[in-house]
Amino acid sequence: MALSLWVKLARATASFGKLSTENIRLFGLTEPQFAALECLGHLGPLKLGDLSRKMLVSSGNITCVIDNLEKNGLVVRSRSLDDKRATYVHLTPAGKKMFDEIFIRHAKFIQQAASVLSETEQNMLASLLKKLGLGLQTQFESDH
């Protein structure tokens, strides 16, 4: 049963991820760039390390993502006044405008993609996936 569950979960994740990535590319962004804009748009300015943890990416990868967003004028970096070692990332006005425009469009796309499930089924799936993720995280942390 567990192997069958893994196959179904992996296939659904791959299909959903592929559709999501294709939609994100329509905005001229990569998936990590979109994720960074989404985090900053919802949470406000973040330290690079905090952003890296939220996105589940390495510090080297987040630097590259932010470099590219900065080149496009969507984010800026600033040094922390309290800790000179810490660097914050902020959305620029252009980045905020892009976030406001594309997040709603992407959310509608995801809502349409998920519409193969009823609202009740979506809530149930979300709850089960959260339970699975937290359970695995707890199990992994206790094993190490």
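Brief remarks follow.
- Among 34, 16, sorting on how many other beta-carbon atoms sit within 10 Å of each Cβ, with the fewest leading, yields 16, 34.
- Cα-projected label distance for residue 136 with residue 85, points at 7 Å along beta-carbon direction, nm: 3.2
- Its residue count N sets the reference 2.2 N^0.38 Å, and the alpha-carbon radius of gyration of the range 37-84 equals 1.10 times that reference.
- Crossing angle, helix 59-71 versus the chain [Cα axis fit, 0-90 degrees, rounded to tens]: 60
- By other beta-carbon atoms within 10 Å, ranking 20, 115 with the fewest at the front produces 115, 20.
- Helix-only [θ]222 nm of the chain, DSSP H runs n ≥ 4, -39500 (n - 2.57) each, per residue, nearest 500: -24500 deg cm²/dmol
- Folded to 0 to 90 degrees: helix 2-25 orientation relative to the chain principal axis, Cα: 40
- Helix 31-43 vs. the chain, principal-axis angle (Cα, 0 to 90°, nearest 10): 70
- In plain terms, the C-alpha convex hull of the chain casts an average shadow of 11.0 nm² when viewed from every direction.
- Kirkwood Rh and Cα Rg combined as Rg over Rh, evaluated for the range 86-144: 1.19
FYI, it's all coordinate maths here, none of it is from the lab. Given the structure is predicted, the values throughout are model-derived calculations rather than measurements. In this analysis, Cβ positions are derived from the backbone assuming ideal geometry, glycine residues included, and neighbour counts consider all displayed protein chains.
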